[in-house]
Structure formats: C-alpha cells, structure tokens
Amino acid sequence: MSIAGNVSLQDLPRICPLISRRVQSSALVEEQHIVRVKDVRFGDTRPVVIAGPCAVESFDQTLAIALAVRDAGAEMLRGGAFKPRTSPHDFQGLGIEGLRILHEVSRETGLPVVTEVMDTRLVQTVCEYADMLQIGSRNMQNYPLLIEAGKSGKPVLLKRGMAASLCEWLGAAEYIANEGNLNIVLCERGIKAYPSGEYSRNVLDLNVIPAVKEETFLPVIVDPSHATGVAGMVESASCAAIAYGGHGLLIEVACDYPDAAKPCCDAAQAISPATLCNIVQFIDKHIEKQDVLRKVHAV
Ligand code: PEP
Ligand code: MN
C-alpha cells in the first residue's frame, strides 16, 4: 500500500536536491559549507553562541542583556520584535520599535542580530534592521514566507517545526535555497512528542543533529531554551548539543538591570549570564579536545 504524501529519507535527493549532501557532491560539500553573518561563521570548528532575551521589551533591557551575553562570550544577539504567542491577548512584541531597539543595541555592542519575521509583508523591513532572519517553528511550512526570505538573500535561521519530520524540515530549507539563497542555518528546538509538557516543554531531539549532517551540508544549531522550557535544564542540554556535534546554540537569557521586570514571555526558561558563561567554557574545552584529536589523527 502506498500512502499519499508519505516521504522518507530516500526521497530527500528529489525533495531537496539543492541542499542534499548526496546530490551536491562538489567542493561545497567536501569542505564544510560556512554561513557568514558579518564576522560570525556557522559551520566552522567553533560552535556559535547566540543569546539574548525571548522578546525585546525595552532599550534598557535589551542593552543590559546584550552587554551581559557579550561579556559571557556570545557572538550574536537574539530577541523577538514580533512574537508568535498562543493567545492574541498576550504581549505580541514591540514590532518596528523592537527592530529599532535591536539595531541600535547591535550598533552599540557590535553583536550581529537575529530576529523573527512572521509576515511576508515585513521581510524587507526586518532585513533593514537585522543581520539574520529567524523563521520560527510555527512558520516552518509557511511557503510564501520561506520564498520571500530566500529572495531577500539574508542569512536565515530556520527553526524546526514542532511536529516536523526531517524531510519536512529540509523541504522547507529547499524553498529558501530555491531562491538562490544558501545562507541557511537549521535550528532544532524540540518537538512535541510524548511526554512533552510533563517535565519539559518539548522533547529535545539530539539524534537529529547527526542525521541532518548526513543529509545536508547546511549547519545545524540547537535551541535548548524552547526545547526544555526549564532554566535548570538549559546548561546540560546545551553541553549535550555541543557534544552531539551541533554547530551552535540559540539561548534565552535574562539579567538584572535597574528597574528589571520579570520577562514578558518565557521567564521560566531564561538563564542567567553566569550560566551562559559556564556553557561558553564548556565549548572552549570541547574545542581544545577536538584540536588535540585532530593533531593526533594527523600524525
Ligand atoms: C523564539 O525563538 O523566539 C521562538 C518563538 O521559538 P520557536 O519558534 O522555536 O517556538
Ligand atoms: Mn521564547
């Protein structure tokens, strides 16, 4: 019996030839494909740490967190100006004002910025303020949005849909690549599977990292914040993701600053800058070990 719409890994060369490691057997694939966002390099030997608030709430909050994450060793700033919320009555983000804040904070700190775009009509505007577009889990299969992001030529951080198979995720990346844009970084952020919601927000699918690397040359990073939903789990999840071969991390951080308020969204999963420091130190040690191993294998 064949089932309509059912695809498996064998179908990937047909579904996504442009990003398939099996199809693209060129130099691009032999060396690791690097996605550059200003001076930041995704896919290189050092995993990239992107950190910042869940949502941009004010200039002071964003600047305080950006300075703290930069001190801790983060290379890029995250923060949502447009927030996809379950309820329309919850804080939706500061919109264009949030983009302006991110741009200004990026200028002051030197950290390139990634922020979510949810609306095809806003792709150009977000491109004017941000260095990288984030396509969120809920929009992974919003094909018109993927096409616009592809056309923009900007680097794109493509999160995995919360119930997406690897084929669906890579098929979504192919839409961006099909517009001539290979500046794509994939981001695993946890999937809905039994028993998500009981002791963690989602199920962190670390096994997908080696699977992604086998099927495509695009870099893959991990968001331990949305994957766990619990601040106390984020450090272990981050270290596990790096040990599993992830090319980087996307982490939500909150910090104290004068008049600090509890974050408007996802407060329970925000880690402190001190915990971020521990994660960066883990990455430093991991790199040292990899270097030693490389030298041993070279002789
Ligand atoms: C986010 O990173 O801000 C976010 C909303 O994540 P996700 O799309 O993975 O839920
Ligand atoms: Mn969040």
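The residues of the stretch 262-274 that are open to solvent by less than 70 Å² (accessible area, probe 1.4 Å), away from ligand 1 (no atom under 16 Å from the Cβ) and either touching a strand residue (DSSP E or B) at 6+ places or on another chain (Cβ under 8 Å) or at pLDDT below 95 (or both), listed by number, are Ser272, Pro273.
Would you say Ser87 is closer than 25 Å to Ala164 by Cα and out of contact with any Gly (no Cβ under 8 Å at 6 or more places or on another chain)? Give the derivation first.
On the way: closer than 25 Å to Ala164 by Cα: yes; out of contact with any Gly (no Cβ under 8 Å at 6 or more places or on another chain): yes.
Criteria met by Ser87.
Taking the stretch 140-159 as the range and being open to solvent by less than 20 Å² (accessible area, probe 1.4 Å) and either part of a loop (DSSP other than H, G, I, E, B) or among the charged types (D, E, K, R) (or both) as the test, the residues that pass are Met140, Pro155, Lys159.
Would you mind listing the helices (runs of 4 or more DSSP H) fully within the stretch 198-256 where at least 3 residues are within 15 Å of ligand 1 (Cβ to nearest atom) and at pLDDT 95 or above?
Numbers: elements: 208-215, 224-228, 231-243.
Result: 224-228, 231-243.
For Phe42, the test of being open to solvent by 10 Å² or more (accessible area, probe 1.4 Å) and aromatic (Phe, Trp, Tyr) is failed. Scanning the stretch 22-30 turns up at least one residue that is part of a helix (DSSP H, G or I), hydrophobic (A, V, I, L, M, F, W, C) and touching a Phe, Trp or Tyr at 6+ places or on another chain (Cβ under 8 Å). Every listed requirement among (1) of a type outside the set (Val, Ile, Thr); (2) within 16 Å of ligand 2 (Cβ to nearest atom); (3) open to solvent by less than 10 Å² (accessible area, probe 1.4 Å) is met by Met162 save one, (3).
Between Asn178, Asn207, the distinction of being out of contact with any strand residue (DSSP E or B) (no Cβ under 8 Å at 6 or more places or on another chain) and closer than 16 Å to Leu9 by Cβ belongs to Asn207 only. Of the listed requirements (1) more than 16 Å from ligand 2 (Cβ to nearest atom); (2) of a type outside the set (Gly, Ala, Ser); (3) touching a Leu at 6+ places or on another chain (Cβ under 7 Å), Leu182 misses just one: (3).
Considering only the stretch 45-129, give the helices (runs of 4 or more DSSP H) lying wholly within it that have at least 1 residues that are within 16 Å of ligand 2 (Cβ to nearest atom) and open to solvent by less than 10 Å² (accessible area, probe 1.4 Å).
Working: elements: 59-72, 96-109, 123-129.
Of the helices (runs of 4 or more DSSP H) lying wholly inside the stretch 45-129, those with at least 1 residues that are within 16 Å of ligand 2 (Cβ to nearest atom) and open to solvent by less than 10 Å² (accessible area, probe 1.4 Å) span 59-72, 96-109.
The values are calculated or read from the model by the stated rules, or taken from the named source; none is laboratory data. For clarity, every value in this text was computed on a predicted model and none was experimentally measured. Note: ideal-geometry Cβ built from the backbone for every residue, glycine included; neighbour counts use all protein chains shown. Each accessible area value is taken on the protein alone, full model and side chains, heavy atoms only, with ligands, DNA and RNA left out. Shrake-Rupley method; radii C 1.70, N 1.55, O 1.52, S 1.80 Å.
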